[in-house]
Amino acid sequence: MKFNWTQNKLCFLTINRSPRGNFTNFLNRLDMISLKIYNKNYCIIICGDVNIHCVIDNNSKSQMDAVLHSYILPCIVKFPTKFDPKSLTAIENVFIDTSTIAKYDIYRLINGHPDQDAQLLIINKLQE
């Protein structure tokens, strides 16, 4: 989705990475897509199930962070999003362009799903 708000262009990229898919291929394609969008001066918001635990440091998270930080797209969800009897994880996540979004709030949205919650992103102010 893309929205034009006065002078700002917002671009939403939704992703769902298979936990069994080729991780290197995923990172390469994410980098390629981000580069195309970033060069068009969009305010980028990426959201979805990346199947990488984004709250705890791990090798996959470090590799994805390296790609996304080059486009100023940090992970903003700092709470568990998926629940099972043995663990809490944050594999569903949101990454935003902090150079263009000045102020935002992110909330856990209890949706009635038995093992995962949704996230609600409210953009309060874009950079001028």
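Given (1) over 16 Å from residue 94 (Cβ atoms); (2) in contact with a strand residue (DSSP E or B) (Cβ under 7 Å, 6 or more places away or on another chain); (3) surrounded by 18 or more Cβ atoms within 10 Å (Cβ to Cβ), identify the lone condition not met by residue 9.
Evaluating residue 9 over (1) over 16 Å from residue 94 (Cβ atoms); (2) in contact with a strand residue (DSSP E or B) (Cβ under 7 Å, 6 or more places away or on another chain); (3) surrounded by 18 or more Cβ atoms within 10 Å (Cβ to Cβ) leaves (3) as the failure.
Can you tell me which residue is surrounded by the most Cβ atoms within 10 Å (Cβ to Cβ) among those in segment 24-70 that are charged (D, E, K, R) and modelled with pLDDT under 85? Lay out the reasoning, then the answer.
Within segment 24-70, the first condition is being charged (D, E, K, R), and the residues that meet it are 29, 31, 36, 40, 49, 57, 61, 65.
In the following step, the residues that additionally are modelled with pLDDT under 85 were identified as 40, 49, 57.
Numbers: 40: 11, 49: 17, 57: 9.
Result: 49.
From the residues in segment 71-80 that are modelled with pLDDT of 85 or more and in a loop (DSSP other than H, G, I, E, B), which one is surrounded by the most Cβ atoms within 10 Å (Cβ to Cβ)? Give the derivation first.
Our first condition is that a residue be modelled with pLDDT of 85 or more; within segment 71-80, this holds for 71-76.
Narrowing further to those that are in a loop (DSSP other than H, G, I, E, B): 71-74, 76.
Values: 71: 19, 72: 15, 73: 24, 74: 14, 76: 19.
Step by step, filter segment 71-80, then rank; the result is 73.
Determine if segment 81-100 includes at least one residue that is modelled with pLDDT of 75 or more and over 14 Å from the mean Cα position of the chain (by Cα).
yes
The values are calculated or read from the model by the stated rules, or taken from the named source; none is laboratory data. Given the structure is predicted, the values throughout are model-derived calculations rather than measurements. Glycine gets a Cβ as well: all are built from the backbone with ideal geometry, and neighbour counts include every protein chain shown.
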